[in-house]
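Accompanying notes for the structure given below.
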Amino acid sequence: MRRFVGPTLLSVAVGVAVWAALRFSAPRPHASETTSVTLASDPGAGFDSERWRVAIEKAKADRAGVGANVALDVPSQLRHYEERHWFLAAQVAEVKKHNLQTCQDYVDLASLIKRSEMVAVPAVTDDFVLMGVGARSDDGPFTKYLDDQAIPLYDEAQLRAEYARLEATPNQKPAPTTKSGDSTKRNHSKKAKQKAAPTTHATAKAALDPKAIIKAHYDQPAERQQLFADYELIRSLGQDFRGRSYDLQNPNDRQALKMTMLSSLRPAALKVLQEVAGNYRRQFDRPLPISSLVRPEQYQHALRRYNRAATNIETPPHSTGLAFDIDYRYMSVAEQNFVMADLARLKDAGRIEVLRERNANFHVFAFIDGARPSDDLIAASLQDAGAPPPEEEENKTAEAPIKKSVKSEKPKRTEKKSPARVKRR
């Protein structure tokens, strides 16, 4: 009997040693990702929690008299380049550099979340609070966004019911087209695509007639199956998503699911957000207000009606999941200067692109590997960022040189703040 005890004990000892080695030496997820997911599932850290309401009040608290004698000092790193498209081109270049998938709609966003390429951002933590994220999301059914057109998503039973409803409904008169100032501000790449693909009569009809939209897409077997799969992707995500389930037939649940999905970022961007927020909170004992995170292009187009700063280029920065906005409306001048200095430090290190927007936000874009794209790649992305073609530039009598060095850039203008005087750097 003893001759079996020795080998058995030896096997157990070896097994324990192997388990311990794997347990304590295996690579672990980045702390920012694990912390975010845990907090996002905490019922006490949601948009409707008391903790979130207290944080919002603290972020908006009156700063009357605080730093009244401090002048607003906007660093050159937070101003536009002399070639104003260089700012957006750097962000477009990052997408090209890593061949990133951007979000056209909630279907694309759900896919990125499922693959863990987007991680959860809690509504509130000790260091930051989401203030306005997803505020323009609606309670309508989920749709697939193709060629600036929203295609309703159904499962098979819902599609049969919708076909029956449409057959029983008289044909609707096409809605009159409305003129929009946005249509004259399309970037050059958009115009090129429109010229290359003229609108057909069938396409124009489908753009106006709900019945035509459904038939144009669901009558094609392959596309119909893909749309069914898109619906199932959203439905399965909503069954168990960040601590609760969502019923896609319930308008309130649909809107809540959209807001929760929009509370997401890529890990590289979340890491930068947490760093800046932690520095701000330690300095001022307030949570950093974050007004925007990932925004699918479909949501971006809707947002343009309310926020003129929401760009409409082919690759909007927020659709990448690498951009977030910091709301400075309630900050004192001293707080703004502190945050801007911190962001300038990160830009000098090549980790971010950043701009102080006039609509009360600091727009921050994180580079995935902490390194800016090359100047050559940024220059090659200028037209994708809305810059005119080179032949148009050649017709200008005076052409300003592109500033390629972050540290040497000199802004063309200096913002004025009354009554305080803006310092020049």
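Structure data summary
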{"read-out": "The stretch 340-366, residues that are small (Gly, Ala, Ser) and part of a strand (DSSP E or B)", "value": "366"}
{"read-out": "All positions within the stretch 81-103 that are in a loop (DSSP other than H, G, I, E, B) and either in contact with a Pro (Cβ under 6 Å, 6 or more places away or on another chain) or surrounded by 17 or more Cβ atoms within 10 Å (Cβ to Cβ) (or both)", "value": "81, 83, 85, 100, 102, 103"}
{"read-out": "Residue 163 being in contact with a helix residue (DSSP H, G or I) (Cβ under 8 Å, 6 or more places away or on another chain), modelled with pLDDT of 95 or more and more than 30 Å from residue 282 (Cα to Cα)", "value": "no"}
{"read-out": "From the options 154, 231, residue that is at pLDDT 95 or above, over 30 Å from residue 50 (Cβ atoms), not aliphatic (A, V, I, L, M) and not in a helix (DSSP H, G or I)", "value": "154"}
{"read-out": "Test: residue in the stretch 68-76 that is part of a helix (DSSP H, G or I), farther than 24 Å from residue 319 by Cα, charged (D, E, K, R) and at pLDDT 50 or above", "value": "no"}
{"read-out": "Of all residues in the stretch 276-318 being touching a Pro at 6+ places or on another chain (Cβ under 8 Å) and hydrophobic (A, V, I, L, M, F, W, C), the one that is modelled with the highest pLDDT", "value": "277"}
{"read-out": "Odd one out for residue 268, checked against (1) more than 27 Å from residue 57 (Cα to Cα); (2) in a loop (DSSP other than H, G, I, E, B); (3) in the same structural domain as residue 326 (by TED's automatic domain parsing); (4) at pLDDT 95 or above", "value": "(2)"}
{"read-out": "Pairs, first exposed (fewer than 15 other Cβ atoms within 10 Å of the Cβ) in the stretch 230-245, second not in a helix (DSSP H, G or I), C-beta under 8 Å, six or more apart", "value": "232/155; 239/245; 239/246"}
{"read-out": "Filter result for the condition that a residue is farther than 30 Å from residue 106 by Cβ, among the charged types (D, E, K, R) and assigned by TED's automatic domain parsing to the domain that holds residue 70, over 295, 281, 351, 358", "value": "281"}
{"read-out": "Residue in the stretch 58-77 that is over 26 Å from residue 333 (Cα atoms) and either small (Gly, Ala, Ser) or crowded, with 20+ Cβ neighbours inside 10 Å (or both) present", "value": "no"}
{"read-out": "Some residue of the stretch 108-126 being assigned by TED's automatic domain parsing to the domain that holds residue 350, at pLDDT below 95, surrounded by fewer than 16 Cβ atoms within 10 Å (Cβ to Cβ) and not β-branched (Val, Ile, Thr)", "value": "no"}
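The values are calculated or read from the model by the stated rules, or taken from the named source; none is laboratory data. All of these numbers come straight from a predicted model, not from anything done at the bench. Every residue, glycine as well, gets a Cβ built from its backbone with ideal geometry; the counts of neighbours run over all protein chains shown.
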